[in-house]
Structure formats: C-alpha cells, structure tokens
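As structure tokens, the structure follows; a few thoughts come after it.
The values are calculated or read from the model by the stated rules, or taken from the named source; none is laboratory data. All values reported here derive from a predicted model rather than from experimental measurement. All Cβ positions, glycine included, derive from the backbone under ideal geometry; neighbour counts span all protein chains shown.
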Amino acid sequence: MLEIPEVTSAIISEARALVPILLHAHNPGVVWAGWKKRTKDFVEHYHTHHIAYKGLTVQRAEQDWATAMVQASRGEVTADQLILERTKLINLKWRQNQNDVSFGFYTSNSEVSTSHFFRRPQETVYKVSIATVTTGDGRVSFHPQDIHQAIHTR
C-alpha cells in the first residue's frame, strides 16, 4: 500500500500536521495512539477500495482470457497471443493473492505504543568511566582529584 503515491502523500501530510500537536500536547501518547488508529483505519479503507479495483482488473483479465479462447477457437488469434492472455491472468491473480497475504500480516503486526517509546531521553548518551587524564604539564595521571580537576576546569 505504501508504494501507492496517494497513500504515502496522505500519510506524510497527516504526519507533518501531527508534529506541532505532539510537541504541545499534554499527553502525546494518547495523540500518537489516536493518529496511528486513524491512519490504520484510512489504510484499511483505502485497501478495500484498492482490492475492489484490483478485482475489476482481474475480472477484465478473465474476460480477455475468455474472449481470446473464443477467438482462438475461430482461428482469429495465434497461440502466442493466447498464452500471453493466460499469463497475464495468472500473474494478476498471483499478485492479488500476495498483496492480500502481506497486507493481512502487516495489519495484524502493527506497531504498539509502549512506555519505552515515550521515555524521557537520558541526560548522558554514554556512561563511560574516565580512568586517566593528561594534565596541563603533559603527564598522565590516574589520581581521582586530577581527573576531577581536569574535567571541571575546562
């Protein structure tokens, strides 16, 4: 579904509108969960229409196949043209099945908001202990007072 430009542009525009709301929301988790639900509903609704359109495409291919069979029985089309119509029908049916399977997988395994996602950022990126320091005169010191002084005087 995300390969369809209309779907991606709709989601991107909604996300851009959501950013300022999230930044100033009293409870961003509720806003985020609501947006995810609305987006999922939109994608499912669009998917329903998309499947209906794809179904029409498959029906059209089945009609073309039936027409080609009738024309082949009358000698109006070649065997290669008949094979081409059959291949087109088989590919469309296979692609429709694959799309249905993958969409079902992603809707059942969609992202769930957790407290980990909304945790406050840590003040320090890395917790690394400093064991040595080079003092102003160029010597290496292991003394805790020298390390403290070197860090806090710069």
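Numbers for the structure displayed
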quantity: Residue in the stretch 39-48 that is among the polar types (S, T, N, Q), over 18 Å from Q98 (Cβ atoms) and in the same structural domain as E85 (by TED's automatic domain parsing) present; calculated: yes
quantity: When residues of the stretch 95-154 are limited to those that are outside any loop (DSSP other than H, G, I, E, B) and charged (D, E, K, R), the one modelled with the lowest pLDDT; calculated: D100
quantity: Residues of the stretch 31-56 that turn out to be exposed (fewer than 14 other Cβ atoms within 10 Å of the Cβ) and without any contact (Cβ under 8 Å) to a residue 40 or more places away in the chain, as a count; calculated: 10
